[in-house]
Amino acid sequence: SKYWDLSPYLGLGCGAHSYFGGKRFAFVRDLDAYITGVSGNGALLAEADDVPFYARAGEYLMLGLRTAKGVAESVFSSRFGADFAPYERQLARFLPSGHVTTDGDSWRLTPKGFLVSNQIIGAVLDAECGVI
């Protein structure tokens, strides 16, 4: 669940993924290479990337809209210091068709919306160009 709400998480073991300290990383998948890496005689990480702040905002939207909880304007604004209005405009386009619902602050996909979630999320993420 930490993955879904963008909290730091630490995965341990062969092939495990983590997000910690603003970095996303993964341990090697090969068991022998992992054991060698743990013993200090080889590379332990298969990949490691800094995650830009703006990318986390997009991940919040993408992952949040894939949950029943959805996304909240207040959380987005306080967490990322960005205006939610461009995203709200995109989400509002899907209200009349019944794909999206809102209570004023939170936006979530309806069961009908989950069936076409990739298209809706793509439209919402298109709004982020130049916003953050």
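The values are calculated or read from the model by the stated rules, or taken from the named source; none is laboratory data. These numbers come from a predicted model, not from an experiment. Methodologically, a virtual Cβ is constructed for each residue, glycine included, from the backbone with ideal geometry; neighbour enumeration extends over all protein chains shown. Only protein heavy atoms, including side chains, enter the accessible area calculation; ligands, DNA and RNA are left aside. Shrake-Rupley method; radii C 1.70, N 1.55, O 1.52, S 1.80 Å.
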Cβ-Cβ below 7 Å, separation at least six or inter-chain, first residue in segment 1-20 and free of Cβ contacts under 8 Å to residues at least 12 places away in the same chain, second among the polar types (S, T, N, Q): which pairs? TYR9/SER18; LEU10/SER18
(1) of a type outside the set (Gly, Ala, Ser); (2) crowded, with 18+ Cβ neighbours inside 10 Å; (3) over 22 Å from ASN118 (Cα atoms); (4) touching a residue at least 40 places away in the same chain (Cβ under 8 Å): which one isn't true of TYR60, the others all being true? (3)
Test for PHE94: is it open to solvent by less than 70 Å² (accessible area, probe 1.4 Å) and in contact (Cβ under 8 Å) with a residue 24 or more places away in the chain: yes
So, in segment 69-91, of the ones that are farther than 23 Å from TYR19 by Cα and of a type in the set (A, V, I, L, M), which residue ends up least open to solvent (accessible area, probe 1.4 Å)? LEU91
When the residues of segment 29-57 are filtered to those that are touching a Cys at 6+ places or on another chain (Cβ under 7 Å) and not charged (D, E, K, R), which remaining residue is most open to solvent (accessible area, probe 1.4 Å)? LEU31
For segment 1-41, enumerate the residues that are touching a Leu at 6+ places or on another chain (Cβ under 6 Å), of a type in the set (Gly, Ala, Ser) and not in a helix (DSSP H, G or I). SER18
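Out of the strands (runs of 3 or more DSSP E) lying entirely within segment 42-130, which hold 3 or more residues that are modelled with pLDDT of 95 or more?
Numbers: elements: 45-50, 100-102, 106-109.
Here the list reads 100-102, 106-109.
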Condition first: more than 14 Å from the chain's Cα centre (by Cα) and of a type in the set (Gly, Ala, Ser). Can you find one or more residues in segment 24-31 that meet it? yes
Flag if VAL71 is out of contact with any Gly (no Cβ under 6 Å at 6 or more places or on another chain) and of a type in the set (Val, Ile, Thr): no
Regarding segment 6-28, can at least one residue be identified that is closer than 30 Å to PRO86 by Cβ, open to solvent by 90 Å² or more (accessible area, probe 1.4 Å) and touching a helix residue (DSSP H, G or I) at 6+ places or on another chain (Cβ under 7 Å)? no
